[in-house]
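Accompanying notes for the structure given below.
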Amino acid sequence: MRVVGCRLRPGRLLLALVLFLSAATLHISAVQAQTSLKKDAILLTIFLKHDESKTLDEIQAQLRKNGFYQKFPPPGVEVVSWYVMMGIGQVVTLRVPAEKLREVNLAIERSAWGAFRTEFYATYDYKPVWEEELKKTPGN
C-alpha cells in the first residue's frame, strides 16, 4: 500500500491510524460521558454562612479538624462556581448527579457544620434564557 506524501512505512502507517482512531474514540466517549453527566445532573447552590461567633482562624481550624477540604465536594460532583459573599460567607454551586445528592448532604453535615450554617437551593442556569430574551428586545 502506498500513500502519496506519506513517509511512514505501511506497518507504521497502520499503527498510527489505529492509535489515532483509538484516541478519537476515547475523546468521543469522554464527551458523551460529560454530556450525560450534565443531562442527568442538577445544579445545587449551597450557602456556607459564616458562624460569626468564631474568628476566621477558628473557622479554618474547624474545617481542617472536620476534614472539609478532603470530603467536600465528594468525588463525581463538579464545582461550577465558588464565591465569597462578603457579610454572608461562601456560595458554592455544584453540578450534582441525582444519585450523589445524599453524598453531598453527608459531606456538608460531616465537615462543614461547626464552621458554617448551611442552606441549600435547587438552581438552574438562567443566563441562556436572559441572553435569548435580550436578542428579542428592540435596541439590543
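The values are calculated or read from the model by the stated rules, or taken from the named source; none is laboratory data. Everything numeric in this text was worked out from a predicted model, so none of it was measured. Every residue, glycine as well, gets a Cβ built from its backbone with ideal geometry; the counts of neighbours run over all protein chains shown.
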Go through (1) modelled with pLDDT of 95 or more; (2) outside the structural domain of Ala115 (by TED's automatic domain parsing) and name the single condition Arg64 misses.
(2)
So is Val104 in a strand (DSSP E or B) and either of a type outside the set (Lys, Arg) or modelled with pLDDT of 95 or more (or both) or not?
no
Within the range 116-131, considering residues that are out of contact with any His (no Cβ under 7 Å at 6 or more places or on another chain) and part of a strand (DSSP E or B), the one farthest from Val80 (Cα to Cα):
Arg117
Where the second residue is hydrophobic (A, V, I, L, M, F, W, C) and in a helix (DSSP H, G or I) and the first is touching a residue at least 60 places away in the same chain (Cβ under 8 Å) and lies in the range 91-112, which pairs have Cβ atoms under 7 Å and are six or more apart or on separate chains?
Pro97/Leu37; Ala112/Phe68
Hits in the range 69-91 - residues which are crowded, with 18+ Cβ neighbours inside 10 Å and of a type in the set (A, V, I, L, M, F, W, C)
Phe72, Val77
Among the residues of the range 83-98, what is the count of those that are at pLDDT 95 or above, more than 13 Å from Leu43 (Cβ to Cβ) and out of contact with any Phe, Trp or Tyr (no Cβ under 9 Å at 6 or more places or on another chain)?
2
